[in-house]
1. Identify the residue in region A:379-417 that is small (Gly, Ala, Ser) and part of a loop (DSSP other than H, G, I, E, B) and, among all such residues, is modelled with the lowest pLDDT.
2. Look at region A:73-90 and say how many of its residues are in contact with a helix residue (DSSP H, G or I) (Cβ under 6 Å, 6 or more places away or on another chain), open to solvent by 20 Å² or more (accessible area, probe 1.4 Å) and outside any loop (DSSP other than H, G, I, E, B).
3. Can you pull out every residue in region B:38-72 that is assigned to a helix (DSSP H, G or I), open to solvent by 70 Å² or more (accessible area, probe 1.4 Å) and without any contact (Cβ under 8 Å) to a residue 24 or more places away in the chain?
4. Residue A:223: assigned to a strand (DSSP E or B) and either surrounded by 22 or more Cβ atoms within 10 Å (Cβ to Cβ) or touching a strand residue (DSSP E or B) at 6+ places or on another chain (Cβ under 6 Å) (or both), yes or no?
5. I'm told residue A:190 meets every condition in (1) touching a residue at least 40 places away in the same chain (Cβ under 8 Å); (2) hydrophobic (A, V, I, L, M, F, W, C); (3) in a helix (DSSP H, G or I) except one. Can you identify the failing condition by its number?
6. Being surrounded by fewer than 23 Cβ atoms within 10 Å (Cβ to Cβ) and under 26 Å from residue B:367 (Cα atoms) is true for just one of B:218, B:242. Which residue is that?
7. Is there a residue in region B:346-355 that is open to solvent by less than 30 Å² (accessible area, probe 1.4 Å), in a loop (DSSP other than H, G, I, E, B) and more than 8 Å from chain A (Cβ to nearest Cβ)?
8. Anything in region A:262-271 that is in contact with an Asp or Glu (Cβ under 9 Å, 6 or more places away or on another chain) and closer than 25 Å to residue A:319 by Cβ? List them, or say none.
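The values are calculated or read from the model by the stated rules, or taken from the named source; none is laboratory data. This structure is a prediction, so every number in the text was calculated from the model and none was measured. Because the Cβ atoms are built from the backbone with ideal geometry, glycine has one as well, and the counts that use them run over all protein chains shown. When the accessible area is computed, the model is the full protein with side chains, heavy atoms only, and any ligands, DNA or RNA have been set aside. Shrake-Rupley method; radii C 1.70, N 1.55, O 1.52, S 1.80 Å.
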2 protein chains.
Amino acid sequence: MVFKLNNHLLSRIASSNGHGEDSPYFEGWKAYDSNPHHPMENPNGIIQMGLAENQLSFDLIQDWLKNNPKASICTPEGVNEFREIAIFQDYHGLPEFRNAVAKFMAKVRGNKVTFDPDRVVMNGGATGAHETIAFCLADPGEAFLVPTPYYPGFDRDLRWRTGVKLIPVDSESSNNFKVTREALENAYEMAKLDNIKVKGLLITNPSNPLGTMLDRETLRSIVRFINEKNIHLVCDEIYAATVFSQPEFISIAEIVQEDIECNLNLVHIVYSLSKDMGFPGLRVGIIYSYNDAVVSCARKMSSFGLVSSQTQYMIASMLSDDEFVGKFIRESKTRMAARHRVFTDGLAQASIKCLETSNAGLFLWMDLRGLLKEKTFEDEMALWRVIIHEVKLNVSPGCSFHCTEPGWFPGLHRQHG
Amino acid sequence: MVFKLNNHLLSRIASSNGHGEDSPYFEGWKAYDSNPHHPMENPNGIIQMGLAENQLSFDLIQDWLKNNPKASICTPEGVNEFREIAIFQDYHGLPEFRNAVAKFMAKVRGNKVTFDPDRVVMNGGATGAHETIAFCLADPGEAFLVPTPYYPGFDRDLRWRTGVKLIPVDSESSNNFKVTREALENAYEMAKLDNIKVKGLLITNPSNPLGTMLDRETLRSIVRFINEKNIHLVCDEIYAATVFSQPEFISIAEIVQEDIECNLNLVHIVYSLSKDMGFPGLRVGIIYSYNDAVVSCARKMSSFGLVSSQTQYMIASMLSDDEFVGKFIRESKTRMAARHRVFTDGLAQASIKCLETSNAGLFLWMDLRGLLKEKTFEDEMALWRVIIHEVKLNVSPGCSFHCTEPGWFPGLHRQHG
């Protein structure tokens, strides 16, 4: 037996760099992985601030699990269910799971809207959900508009294997990075000039990395825009339960249920339990679409990334417990607000300002423009290298979030309990 | 708000029928879903014989779980691990999980071969694993050869979203449906004439639906073939532990470790715990590749279908228990052999013969040629409709497995305990 190198035998996807692993975003992660900080064992290691984790309220979850042994198919109390659950592979998911998720999605949105369990499609995390949506809505070469700054993982999730393009929509600090109709029109027209067919608009609300929310007027303007252009609207709302102070979160579900002209077939929500519950390892991604054909197609595609039935069963039990869920959401927000305050106060003492309109998410949008020699992305990258290699913090530069203004950095107030 | 139908706004994948849900294979499933048999509540319903489930030994698994409460992060004994596991999302997977899977894969193959845990890539079931392999190895329009009859789901798994083609390789009952060099050459040459680039050969060993295994000489001939053509070899070995009588299973891993001329970069194994352990709901799919570039690329792609960390943790504990695993594999084979005998004896009394070379899998390959008026696929479909609607058994017609000879049907001896 021998090894011969013939990578030309692989696919174009495998041979190209579409995954984006060499971007500063993933590079910072690798630096952290090779030298992780530990207060005792490796005090000079790199502190991870590049990963949005919500670990503040695991004590509540552990208490709940101890009190609910039947929620697991691996306890003496629950093991009789093991067989039926382990063999369950219907891509609709356990009915109890879909019911519980639909109820939880409503609760997280203040019960101002309802969700139909039959439109809940599961997927392998928000990562899998976004790719599935892209496969459903666009052909290779077609595009989604995405307001900047946006989560760097989108470049992998929506583009890599689908061949779909993402077109950044500009924003600026002078109006707190709002999504404006003018910027949307500009991006749309630019795509047209480049002969690129725009199939949709992808918004993240609350925003990662800004920690801001879209206000009602902006959401209505977005709905008008996508209807006029007859393109899809994909709303990533995976941080819905992390809004820790006023104003309250407004879901796209609330807007389309208003008396507004909207073709519901164009509207799709991506959700997940990775941020709101802090369970990224459990890979619970959700597509909620108002379009029957998309529900049907996404469900078929979910065969490639179903949620483990063991996990579906546990989540179904946990999220069906109204009292627990109410308490968890409230307590979690209180703790996040406190953590956010500690972090912003600390930065203020170091004379570092943050975007003041942030009231959600697990991050801050830090204004480090004053530390740049010149307002260029070269200088932003130079500052980033100092932060990662000398200050030993893994934060990402704003440019990796496609921010169009140099000098902004996301700071994650690590949400540890 | 209104609903307007504009499916032209969806992708070609979503608008086309590439999923194959209208094939007789899935049609039988739908007939079963709408009228499932129950011995008491619905004795005239359809009996499910279209799903390969291994449920014979769940008592052993339930006992193990009761005796190992620390294997679950949802028991009082294990809950302290909940936080670290729920937040774990490294696409390499838990090291304990990869170690345990590598060890289990060796054990299932009689410890005649070893597997390197660093080459174990997880995926959402074998379904996700196959799609990932196709994305890694072939561009849209390129093809894999697949000996017939083959699992109908391959048409979805490998083709649907990748744009890859599958080219059937003929086989015939006169030599027990063996994979011959001649048939491989014919399929390869036909593809060439059609200007289709063949990138690989996909074999299933043990075979679904034949229940047969590839012998050593056939495996060597296949290895020579793919090396001569310089194409990939993907070996689906998800039924490795279901070989219940002599001769013993020979993995491709054993052949490539022999003194044989083989470029290991061309060889990839797909594995899963859905059949050998009977856990399809847990979605544990595995790619084991000897090609570093494929390991690296498949691992990045696994972000779209990671195994739930809750499930990884439980599987790691269970498969690390040598004594349990040994007992489970032995006992499971004994029970399968007994069930197989009951089933073949029953069919023999009804004068139905089966392919005699079957000694693996959860199925039989029934010879119903004598029940056809004429040896055509039209008559096979007519017989299938009688079986499903009058006899009320959900079996699939051989043609849905791309069998080239009419009159063969897979019979699944439902593996219930």
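1. That would be A:417.
2. Summing the residues that are in contact with a helix residue (DSSP H, G or I) (Cβ under 6 Å, 6 or more places away or on another chain), open to solvent by 20 Å² or more (accessible area, probe 1.4 Å) and outside any loop (DSSP other than H, G, I, E, B) in region A:73-90 gives 1.
3. B:63, B:66, B:67
4. Details: assigned to a strand (DSSP E or B): no; either surrounded by 22 or more Cβ atoms within 10 Å (Cβ to Cβ) or touching a strand residue (DSSP E or B) at 6+ places or on another chain (Cβ under 6 Å) (or both): yes.
No; evaluated as a whole, the condition is false for this residue.
5. Against the list (1) touching a residue at least 40 places away in the same chain (Cβ under 8 Å); (2) hydrophobic (A, V, I, L, M, F, W, C); (3) in a helix (DSSP H, G or I), residue A:190 comes up short only on (1).
6. B:218
7. Yes, there is a match, as at least one residue in region B:346-355 is open to solvent by less than 30 Å² (accessible area, probe 1.4 Å), in a loop (DSSP other than H, G, I, E, B) and more than 8 Å from chain A (Cβ to nearest Cβ).
8. We begin by selecting, within region A:262-271, every residue in contact with an Asp or Glu (Cβ under 9 Å, 6 or more places away or on another chain); these are A:265, A:269-271.
A:269, A:270, A:271 - these are the residues of region A:262-271 that are in contact with an Asp or Glu (Cβ under 9 Å, 6 or more places away or on another chain) and closer than 25 Å to residue A:319 by Cβ.
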